[in-house]
1. Relative to a virtual label point 7 Å from the Cα of Tyr167 in the Cα→beta-carbon direction, which members of the stretch 108-123 show backbone nitrogen distances below 19 Å?
2. Under a straight-distance cross-link criterion of Cα-Cα below 19 Å, which aspartates and glutamates are reachable from Lys98, leaving out those fewer than 8 residues away in the same chain?
3. Can you pull out the trypsin sites (Lys or Arg not before Pro) in the stretch 230-335 that DSSP calls coil and that have at most 14 other Cβ atoms within 10 Å?
4. To the nearest Å, what is the center-to-center distance of the stretch 318-363 and the stretch 218-239, using C-alpha atoms only?
5. Taking only protein heavy atoms and a 1.4 Å probe, what accessible area per residue, in Å², does the stretch 245-396 have with all protein chains in place?
6. Obtain the nm distance between the two label points defined at Leu578 and His258 by a simple spin-label model: each point lies 7 Å from its Cα along the Cα-to-C-beta direction.
7. Restricting to DSSP loop positions (anything but H, G, I, E, B) with no more than 12 other Cβ atoms inside 10 Å of their own Cβ, which GluC sites (Glu not before Pro) remain in the stretch 243-323?
8. Solvent-accessible area per residue for the stretch 564-635 at a 1.4 Å probe radius, Å²?
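The values are calculated or read from the model by the stated rules, or taken from the named source; none is laboratory data. Given the structure is predicted, the values throughout are model-derived calculations rather than measurements. Note that we place each Cβ from the backbone using ideal geometry, even for glycine, and neighbour counts take in every protein chain shown. SASA here: full protein model, heavy atoms, side chains in, ligands and nucleic acids out. Shrake-Rupley method; radii C 1.70, N 1.55, O 1.52, S 1.80 Å.
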Amino acid sequence: MLAKVILKNYRSNIKKYIAFFICNIVTIGMLFMFWGLFDTFTGPSLGILMTDIQGDYVIICLAFAIITILMLFYSLKNHMKQRARDYSMMLVLGMRKKQFLLLITAEYLLSWVISLVAGLLLGKAFSYGMTAFFRWTFLPDLEYIAASSQVYKRTLLLALGLFVAVYFALMVWLEESNPMDLAKTAERRERRPRSLKWLLVTLAGVLMCVFACRQYLAGWWFWILSHLWWVVSAALILVSLTGVILGRIQKTGFYYRHLVRLNTLYSRYMNHFAILLILFSIHFFVLGYVGNLAASRFPLETDRSLYPYDYIWMAKEKDESFAGELAKDYQGEKRFFPAVRVVGEEEEERIGISASSYQELTGEAVQIEDRQVLLSIPNRKAGERKVLENSADEVFLYPGKYTEEQVKRVENDAMSFEPREEYMFQVYQTVSENVLGDYTQSVITNSWVYGMTQESLVVFPDELFEVYHQEMKENPEEPSELILFRFPEESRKIAGEKLKDYDEREGIADLLQLDLVTYPQKNLYDTEEIIENVEHNNQFFLLFGLVTGLDLFFCSFLLYAVKLLSDFEIFRRKYEVLNSLGMRWKEQKKTIRSEILCDTWISLLAAFAMSVTYTWCCVKAADQGGRELWSGYLVVWFIMALGYCVLNWLISEGIVRYMEYKIRKVRK
């Protein structure tokens, strides 16, 4: 009997379930897709793309997880509000409380199972489609995703956790409610902040925004978490300041002149705040994160003049004769400098040279003594030498190439309260410049000092360097010579082939790392290959950012569509009354437009304001890390932000026209 009641209930209320199912299925599908992409983009198959994309993809996955969870919760909340009248009717007609709760449980469980199964199928289709797109555009070797059991497990656990949380909240609400309360739920006026004391909450939100900026500039995991603090900051500001402003407006003539248009904000304040927060989160991630990610890709081409050498080779003294013959045979130039490998705190390999060699390379004389070092960080987009102000005072450096023993030393010192002083150096200066060129292969611009330092130069005092160099010369497995080549364009390629062949046969074997913070490094770099990889990665990141932005925009459209489907009956009744009272259709259209667009434009304006602070942090972080942004950076970001606002306006206009059509159609 109960099963028949449930099925009949589904058939009679199918229109009320459509919005609920659409939102649940799509959001579960997108969660599944992004968990699959996360597994792929954090795996070893991406090679040199892996390091750059991991931190950014963690942010994107967190953003989608937060947004989809909020969307799921919102759709469930609105679904329960729509069904409140039906539930109250069941209780009024005599259904026992136990049987009623069993009915709700069965109905809710069936809805969740259908949404989950359909969402997983849709997510699998999304995953294959997205993978096929990336394989077709930039990553032909990218593995097809969504095959891992961990992807299913994470999506299932997240959906199940949300189901359990909402279910228990629903049960508590129903247990404490009587039939009359349920009947009035949809019409109940919601409380909002009124007192000026709430401005203290606004101040707390502003301080949280400042905290988010400082966390962003601190780098690493603080950088990732800063995005959460920005959302919290906006929540505090929106919930308090909007309520106080509405309270001030209510005391003016403006309120009475626009009473009908503003009524929804006043009577259903918290419901609108929930929508505002979700829409803000989406717009903020698009305008702030995605906008700056895309703007920093330009110019897509790399300035070849910032790479003064065609090949950079870490070798031994015995290789000098071959290098001399190679340069002579192909009309090239060669330069020899004593050098050693140095492993940094993040297990990355750098190039150690003496102060004398640094002066010969750059023309800059540096007066460093004893345990002091100068750190030279490469900058791909600017050739000017710049001393960085916010660099560390001390740094741990481990002479010698990357080996398992070196890794153990780094890890032991990182975990020790008393690290060994023999590996601790005082930083004389950190300089952003292009001595050799940027061979980190990183294309991210918000690199903090020590964020991407592979193949950067470490300048030691002459006496100390000589000690390290003599030690490396005696070790046949350690490079001790930096050899730089230039060749005429017509002979560059064939000379490089000869050099690579010799290095493979006679050069020093690499034991190269590939982990969360470093690129695979080599002893021989071909500048043309590096530039090609950098430009390829730049194009990929641009495409990746645009696809992410479109996905987030789709989420905002879906969310607002669900809201309007849920609220349509309220709209219909309201405008039937206004029409009966003699309001002209022209005035009704203006009111419909105001009600629909207020959520969109309040959230969009708030997101734009916050994204300005985010953009300032991006520029500041790039400056601190010594990675110059090109002159058109802010112009491109503003154009993208303006384009996104126009796109929102066009979609909003379409929604307004559709609602006008539906309301008039129902009247006929």
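1. Under 19 Å, as judged by backbone N against the label point of Tyr167, lie 108-120 of the stretch 108-123.
2. Lys98 reaches Asp86, Glu107, Glu175, Glu176, Asp181.
3. Listed in order of number, the matching sites are Lys251.
4. 44 Å
5. Per-residue value: 41 Å².
6. 1.3 nm
7. Passing sites in the stretch 243-323 are Glu301.
8. In whole numbers, the stretch 564-635 has 47 Å² accessible per residue.
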